[in-house]
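Throughout, read-outs are computed from the coordinates displayed, never taken from laboratory work. It should be emphasised that the depicted structure is a prediction, and the values quoted were computed from it without experimental measurement. Glycine gets a Cβ as well: all are built from the backbone with ideal geometry, and neighbour counts include every protein chain shown.
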Amino acid sequence: MFEIGKWYWVWLIEGGDEGQSSYKVVDYQAPLLRLHNPHMGEDMIVNTSSPMFVRAQLSPHQGERPVLEFPE
């Protein structure tokens with residue numbers, strides 16, 4: 001489902017609010033997804049079966065860190 005080394009837009013629920021950011025996939029061993037965002041410092045591990053995980057979408061921009069442009 002996830003390609004290691006690719007950038008994704010990821011939507012998560014944090015503190016009761018839905019937020020999104022771009023992350024590079026470091027590792028995926030279902031259902032655990034390890035993500036990296038250079039501005040956050042540490043990697044983040046997300047359980048994709050958790051209700052806090054809303055969705056993820058492959059970014060069409062695979063540069064250094066793609067700018068979040070909301071997909072149609």
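Some observations on this one:
- Projected label distance in nm at H61 and S49, using a 7 Å step from Cα toward the beta-carbon: 3.5
- Highest-first arrangement of 3-10, 50-57, where packing means the average Cβ count within 10 Å: 3-10, 50-57
- Mean projection area, nm², convex hull over Cα of the chain: 4.9
- Under the convention that each Lys and Arg Cβ holds +1 and each Asp and Glu Cβ holds -1, the size of the dipole of the chain around its Cα centre is about 180 debye.
- Karplus 3J(HN,Hα) series, Hz, for segment 7-16 with 6.51 cos²θ - 1.76 cosθ + 1.60 (x for Gly, Pro): 8, 10, 7, 10, 9, 10, 9, 10, x, x
- The chain: relative contact order in percent, alpha carbon pairs under 8 Å with at least 6 residues between: 33
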